[in-house]
1. Using alpha carbons only, how many degrees (0 to 90, rounded to 10) separate the axis of helix 34-55 from the longest principal axis of the chain?
2. Based only on other Cβ atoms within 10 Å, what is the fewest-to-most ordering of 63, 220?
3. Please give the Cα centre distance for the stretch 135-191 versus the stretch 8-33, rounded to the nearest Å.
4. Percent relative contact order of the chain, based on C-alpha pairs within less than 8 angstrom and at least six residues apart?
5. Ranking 191, 116 by Cβ neighbours within 10 Å, fewest first, what do you get?
6. In whole Å, how far is the Cα centre of the stretch 194-221 from that of the stretch 90-127?
7. Springs between alpha-carbon atoms under 10 Å, Gaussian network over the chain: tell me which of 101, 127, 91 tops the mean-square fluctuations.
8. Report, to the nearest 10°, how far helix 137-157 tilts away from the longest principal axis of the Cα atoms in the chain, using its own Cα long axis and a range of 0 to 90°.
Ligand SMILES: CC(C)(COP(=O)(O)OP(=O)(O)OC[C@H]1O[C@@H](n2cnc3c(N)ncnc32)[C@H](O)[C@@H]1OP(=O)(O)O)[C@@H](O)C(=O)NCCC(=O)NCCS
C-alpha cells in the first residue's frame, strides 16, 4: 500500500471557478482575505489533481474537498465520501496534498528560515532541544523547520492541529544533511499515548515537506510538481 503525494504551485491553478464544486464555491465566497482565498484555492486544486488521478476522473468539480468540524479536509466524489484520508498544506505559493486509503495521514510545508532559541525552548521537547544544539550552525534552520513541520504533520494525523501542546509530539529525524529530491525517514512519538507515527521528509526549494502516517508498513509514491 502506498501514500500518494503531489505538489503544486500557484501558477498551475486555473483562473476561473469551473473546477470547484457547488459546496466549495459556497466556502470560497466566505473567504474574504485574498491571501487566504488564494492559499485555499491552491490547496483545493492540488488535492483535486491528486484525487482525480487516483479516482481516474477528469471532472475536478465532481470531487469536493470540504472541512470537517475539526478543520481536517475530507474528500467526496459525486457526493459520496472517498475512503481513506487526505491532508493539505500550503506555504509561499506551494501546496502539497497526501492521500492514503488505509491510514491516517498528515503533511506540512515549512520554510527553512531562522527561528529563535525562544521558539525552540517553547515548542520543542528536551530531547529535540538537545538535538537542535548538536546539529551545528549550518543545519540548525533546516533541523528546526523539519522538527516543527513533523510536529504539525503529526498533529494533523491526530486531527487536532495546534490545539494540542506541540511538546506532546517528539520527532526523530534521520539524515538531516541529506541532499535535495530524496525522501528521508522521520518518526514521531505521541505522549502520553505512546503512539508511534512514521513517515518521510524532503526538501523543496527553500521549504521542507514532511508526511506522517499511523502505519509503518506504507511507502510513498508521487510526483514532484504539477505543471
Ligand atoms: C492544522 C494547523 C496546524 C495547520 O496550520 P498551518 O501549518 O498554518 O497551515 P498548513 O497550510 O500547513 O495547513 C492548513 C491545512 O490544514 C488542514 N487542517 C486544518 N485543521 C486541521 C485539523 N484539525 N486536522 C488536520 N488537518 C487540518 C486544512 O486542510 C488546512 O488547509 P485549508 O483550510 O486550506 O483546507 C492549524 O490550522 C491548526 O492548528 N488548526 C486547528 C486549530 C485552530 O483552528 N486554531 C486556530 C488557529 S491557531
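1. 80 degrees
2. Details: 63 25, 220 17.
Placing the least packed residue first, the sequence is 220, 63.
3. The two parts, judged by their Cα centres, are 30 Å apart.
4. 22 percent
5. Ranked by crowding around the Cβ, least crowded first: 116, 191.
6. Between the Cα centres of the stretch 194-221 and the stretch 90-127 lies a distance of 10 Å.
7. 127
8. 50 degrees
A short reminder: the numbers here are calculations on the coordinates, not readings from a lab. Predicted model, so just to flag it, every value in this text is computed and none were measured. We place every Cβ from the backbone using ideal geometry, glycine too, and count neighbours over all the protein chains shown.
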